[in-house]
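All remarks here apply to the structure that follows.
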Amino acid sequence: MNVLVTGASGFIGSALVTELAAHSGISVFAASRKQMRVDADLVRTVTAPELSPDADWRIALRGADTVVHAAARVHVLDDKTDDPLAAYRHANVGGTLALAKQAATIGVQRFVFLSSIKVNGEATTTEPFRASDTPAPEDDYGVSKWEAEQALHELAESTGMEVVIVRLPLVYGPGVKANYKSLLEALWRRWPLPLAAANSNRRSLVYLGNLVDLLTVCLKHPAAVGRTFLVSDGEDMSTVELLQRQGQALERPPKLWNWSPEFVRFVLRLLRREAVYDRLFGSLQVDTEETRQALDWKPPISVENGLAKTANSYRTLVELNAGNV
């Protein structure tokens, strides 16, 4: 099997490249717009074009029979782009379809697409999200991912290329960026956090190693074809529980202030960061039973081990940076 991984220098892509390179019988082509340090005997690096409808992927695809598309214009809070939806569509719909069409043309057998749980919606109330739910994306990023999924299924019907969709919740692990990295920094620095009241929500997360394991299964499993899968560690947590358990792994117990949720929302509104409130106090749960049953899969790494590995990686990074000062 010759696997092209796009977004290969990213948080998820780099971990997947490393894992696949360790498998016998798999040749890995790592496509990235950034330079990568890899074992040249195990991984072939190729320069990826910009994600756009007119991107030329022919060189990157040469020799590939399977694609994992991890590259994307990622979701950001408070997007300052003049037309965010157009920008997301340009990269995540047009760019994805350009790659997929060229892949189908050269005979790629299977195309695994990393989508987002935002396709289902922004929050759950009484029931967790399921892959069979009617999609209800609320923001521009989620809309672009849903439109990309639909375009890929249409392409699969017309070309016969096998398409597999995996919708991701929050992914954490060594090298994590964005909001989770900010959480680690807050715990490490022992900053007081006004989140003691965020103890009744439930959120699904997935450890990077568990996600990579599932993607590896999706590359080969016959039952994956044409399906959409949700993924998580299978152990949902409140915001407070996550802070407590990640803080314990860092040996930095959180300092939690008991502000009312209404006051936290008010402060965030003043800071023009009200969208953060839903992530801290709202619930977003996914049901992975269909994934487990269809693929005979379960997460190989426990939440405890995932949090510990994340903490150890962050601690090493902090110490390395301190040594470079």
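Go through the residues of the stretch 220-227 one by one and say whether even a single one is under 19 Å from residue 309 (Cα atoms), open to solvent by 30 Å² or more (accessible area, probe 1.4 Å), in contact (Cβ under 8 Å) with a residue 40 or more places away in the chain and touching a helix residue (DSSP H, G or I) at 6+ places or on another chain (Cβ under 9 Å). Steps first, please.
At the first step, the residues of the stretch 220-227 found to be under 19 Å from residue 309 (Cα atoms) are none.
No; the residues of the stretch 220-227 include none that is under 19 Å from residue 309 (Cα atoms), open to solvent by 30 Å² or more (accessible area, probe 1.4 Å), in contact (Cβ under 8 Å) with a residue 40 or more places away in the chain and touching a helix residue (DSSP H, G or I) at 6+ places or on another chain (Cβ under 9 Å).
Matching residues to (1) of a type outside the set (S, T, N, Q); (2) under 24 Å from residue 142 (Cα atoms):
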| residue | (1), (2) |
| --- | --- |
| 167 | yes, yes |
| 185 | yes, no |
| 190 | yes, no |
| 193 | yes, no |
| 210 | no, yes |
| 217 | yes, no |
| 224 | yes, yes |
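Looking at the stretch 46-79, which of its residues are more than 22 Å from the chain's Cα centre (by Cα) and part of a loop (DSSP other than H, G, I, E, B)?
53, 54, 55, 56, 57, 62, 63, 64, 65
Conditions (1) open to solvent by less than 60 Å² (accessible area, probe 1.4 Å); (2) assigned to a helix (DSSP H, G or I); (3) of a type in the set (A, V, I, L, M, F, W, C), marked per residue:
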{"residue": "82", "(1), (2), (3)": "no, no, no"}
{"residue": "114", "(1), (2), (3)": "yes, no, yes"}
{"residue": "134", "(1), (2), (3)": "no, no, no"}
{"residue": "142", "(1), (2), (3)": "yes, yes, no"}
{"residue": "150", "(1), (2), (3)": "no, yes, no"}
{"residue": "180", "(1), (2), (3)": "yes, yes, no"}
{"residue": "184", "(1), (2), (3)": "yes, yes, yes"}
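With the condition kept exactly as written, say whether any residue in the stretch 118-130 is of a type in the set (D, E, K, R), within 28 Å of residue 18 (Cα to Cα) and either within 18 Å of the chain's Cα centre (by Cα) or open to solvent by less than 10 Å² (accessible area, probe 1.4 Å) (or both). Please lay out each step first, then the result.
Going residue by residue through the stretch 118-130, those that are of a type in the set (D, E, K, R) are 118, 122, 127, 130.
Next, from what is left, pick out any that are within 28 Å of residue 18 (Cα to Cα): 118.
Add one more test, that the residue is either within 18 Å of the chain's Cα centre (by Cα) or open to solvent by less than 10 Å² (accessible area, probe 1.4 Å) (or both), and what stays is 118.
Checking the stretch 118-130: at least one residue is of a type in the set (D, E, K, R), within 28 Å of residue 18 (Cα to Cα) and either within 18 Å of the chain's Cα centre (by Cα) or open to solvent by less than 10 Å² (accessible area, probe 1.4 Å) (or both).
Which of the numbered conditions does residue 312 fail, given that it passes all the others? Conditions: (1) of a type outside the set (A, V, I, L, M, F, W, C); (2) over 21 Å from residue 177 (Cα atoms); (3) part of a helix (DSSP H, G or I).
Going through the list (1) of a type outside the set (A, V, I, L, M, F, W, C); (2) over 21 Å from residue 177 (Cα atoms); (3) part of a helix (DSSP H, G or I), residue 312 breaks only (2).
From the residues in the stretch 40-83 that are at pLDDT 95 or above and of a type in the set (S, T, N, Q), which one is farthest from residue 147 (Cα to Cα)?
This residue is 66.
Need the failing condition index for residue 198 against (1) touching a Leu at 6+ places or on another chain (Cβ under 7 Å); (2) open to solvent by 10 Å² or more (accessible area, probe 1.4 Å); (3) assigned to a loop (DSSP other than H, G, I, E, B), just the number.
In the conditions (1) touching a Leu at 6+ places or on another chain (Cβ under 7 Å); (2) open to solvent by 10 Å² or more (accessible area, probe 1.4 Å); (3) assigned to a loop (DSSP other than H, G, I, E, B), residue 198 misses (2) alone.
Just give me the residues in the stretch 99-112 being open to solvent by less than 10 Å² (accessible area, probe 1.4 Å) and either assigned to a helix (DSSP H, G or I) or over 24 Å from residue 59 (Cα atoms) (or both), in sequence order.
Of the stretch 99-112, the ones open to solvent by less than 10 Å² (accessible area, probe 1.4 Å) are 99-100, 103, 108, 111-112.
Within the stretch 99-112, 99, 100, 103 meet the criteria.
Would it be correct to say that residue 272 is touching a Gly at 6+ places or on another chain (Cβ under 9 Å) and farther than 29 Å from residue 317 by Cβ? Step through it out loud before you land on a result.
Values: touching a Gly at 6+ places or on another chain (Cβ under 9 Å): no; farther than 29 Å from residue 317 by Cβ: yes.
Against the criterion (touching a Gly at 6+ places or on another chain (Cβ under 9 Å) and farther than 29 Å from residue 317 by Cβ), residue 272 does not qualify.
Of all residues being under 17 Å from the mean Cα position of the chain (by Cα) and surrounded by fewer than 17 Cβ atoms within 10 Å (Cβ to Cβ) in the stretch 152-178, which is farthest from residue 258 (Cα to Cα)? Just the residue, please.
Filtering first and then ranking leaves 175.
Write out, first by first residue and then by second, each pair whose Cβ atoms fall under 8 Å of each other, whose residues are 6+ apart or on separate chains, and whose first residue, in the stretch 281-303, is open to solvent by 70 Å² or more (accessible area, probe 1.4 Å) while the second is not in a loop (DSSP other than H, G, I, E, B).
From residues that are open to solvent by 70 Å² or more (accessible area, probe 1.4 Å), the pairs are 290/229; 290/230; 298/292; 300/209; 300/210; 300/213.
The values are calculated or read from the model by the stated rules, or taken from the named source; none is laboratory data. Just so we're clear, the structure is a prediction, and the values are computed from it rather than from any experiment. Note: ideal-geometry Cβ built from the backbone for every residue, glycine included; neighbour counts use all protein chains shown. In case anyone asks, the SASA skips ligands and DNA or RNA and just uses the protein heavy atoms, side chains included. Shrake-Rupley method; radii C 1.70, N 1.55, O 1.52, S 1.80 Å.
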